[in-house]
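The values are calculated or read from the model by the stated rules, or taken from the named source; none is laboratory data. All of these numbers come straight from a predicted model, not from anything done at the bench. Glycine also receives a Cβ, built like all others from the backbone with ideal geometry; neighbour counts cover every protein chain displayed. Heads up: the accessible areas ignore ligands, DNA and RNA and are worked out on the full protein's heavy atoms, side chains in. Shrake-Rupley method; radii C 1.70, N 1.55, O 1.52, S 1.80 Å.
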Amino acid sequence: WVNPGTFLMGSPASEEFRAVDETQHSVTLTKGYWLGKYEVTQALYEQLIGTNPSRFKGPNLPVDTINWWKATQFLQALKTRETAENRIPTGFNYVLPTEAQWEYACRSGTTTTFNFGTTIKPENALFKESGTSGTQVVGSYPPNAWGFHDLHGNVREWTSNWHANFTSDPATDPTGPVSGTNGVNRGGGWSNLGHGLRTAKRSVVTRGYNKDNLGFRLCLSQ
C-alpha cells in the first residue's frame with residue numbers, strides 16, 4: 001500500500017545524464033494505491049496466460065520480453081479472475097502504474113539520483129556493470145524504504161503513460177497525454193548501464209516493443 005502524498009517528479013538540472021523530458025515539477029497523488037512488492041514473475045504470468053515469452057526461464061524470475069499489449073492482456077485476465085472471486089476492493093482495478101505512481105513509490109521519500117543514494121553499485125541493483133548476464137530472482141536485492149524490490153534494475157517496467165516531455169507546472173494525479181506514439185517504461189534493466197537506472201530516467205519505446213530486459217509490475221488503483 002502506498003499512501004497519498006506530494007513529491008518532486010523528474011530530475012534537477014544538476015543531475016548527471018538527465019534528459020530534456022525530465023523537467024522537475026511538483027506532483028500530488030490524492031489517492032492511495034497498491035503496488036507489487038516485486039516485478040510480475042514468470043510463475044504468475046504463466047498461471048494466468050498459459051505461455052511464457054521470457055528468454056531467461058525460471059518461475060521466480062521476472063517475466064521478460066513483454067510488450068505493453070501483453071502486459072495489459074495479463075491485467076485483464078487477472079481482473080477477470082479476481083472479480084469472479086470477489087477479491088477486488090470496490091472502485092479499484094488492476095492496471096499498469098502511471099509514471100507518477102511508479103516514480104513516487106521508487107523514490108520512497110528520497111530526492112537523490114537513485115532511491116539508495118547518488119551512486120550505484122552491484123550490491124544495490126542488477127545492471128550491466130554488475131557482471132551478470134540475464135535476470136535474477138525477484139527480491140534478490142535490498143528493498144527501498146517503502147519495501148519495494150527491483151524498482152531499479154532487473155527488468156524495465158511498463159507504465160500506463162504515453163510519452164510527452166514534462167513541464168515545470170505542478171500536477172495532480174497526472175496520467176499523461178490521452179494519446180501518443182510511444183509508451184514509457186521505467187527503472188532500467190539488467191543490460192542497461194548504471195545511469196540508465198536513475199529514478200527519473202524515462203525509457204521511450206513503441207508499445208509493441210519487447211526485449212529480454214523488459215517486464216512490468218502490478219498496480220491496484222482507483
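For the reader, a short list of remarks on this structure follows.
- Residue 162 being closer than 19 Å to residue 62 by Cβ, hydrophobic (A, V, I, L, M, F, W, C), modelled with pLDDT of 95 or more and in contact with a strand residue (DSSP E or B) (Cβ under 8 Å, 6 or more places away or on another chain): no
- Complete set of residues in the stretch 41-81 that are free of Cβ contacts under 8 Å to residues at least 40 places away in the same chain, of a type outside the set (Phe, Trp, Tyr) and open to solvent by less than 20 Å² (accessible area, probe 1.4 Å): 42
- Subset of the stretch 3-40 [within 17 Å of residue 99 (Cα to Cα), in contact with a helix residue (DSSP H, G or I) (Cβ under 6 Å, 6 or more places away or on another chain) and surrounded by fewer than 20 Cβ atoms within 10 Å (Cβ to Cβ)]: 7
- Residue in the stretch 178-187 that is closer than 23 Å to residue 14 by Cβ, open to solvent by less than 10 Å² (accessible area, probe 1.4 Å), modelled with pLDDT of 95 or more and not hydrophobic (A, V, I, L, M, F, W, C) present: yes
- Filtered by the rule that a residue be open to solvent by 10 Å² or more (accessible area, probe 1.4 Å), of a type in the set (D, E, K, R) and in contact with a strand residue (DSSP E or B) (Cβ under 6 Å, 6 or more places away or on another chain), the stretch 203-222 gives a lone residue, 207.
The rows are residues; the columns are (1) over 16 Å from the mean Cα position of the chain (by Cα); (2) part of a strand (DSSP E or B).
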position	(1), (2)
129	yes, no
135	no, no
140	yes, no
143	no, no
148	no, no
151	no, no
157	no, yes
160	no, yes
166	yes, no
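- Restricting attention to the stretch 152-169 and to residues that are of a type outside the set (S, T, N, Q) and in contact with a Leu (Cβ under 9 Å, 6 or more places away or on another chain), the residue that is farthest from residue 97 (Cα to Cα) turns out to be 153.
- Enumerated helices (runs of 4 or more DSSP H) restricted to the stretch 9-116, each holding at least 3 residues that are among the basic types (Lys, Arg): 68-84
- Complete set of residues in the stretch 87-111 that are touching a residue at least 24 places away in the same chain (Cβ under 8 Å) and more than 11 Å from the chain's Cα centre (by Cα): 88, 89, 91, 92, 93, 94, 95, 107, 108, 109, 110, 111
- Residue match in the stretch 165-177 (condition: hydroxyl-bearing (Ser, Thr, Tyr) and out of contact with any strand residue (DSSP E or B) (no Cβ under 9 Å at 6 or more places or on another chain)): no
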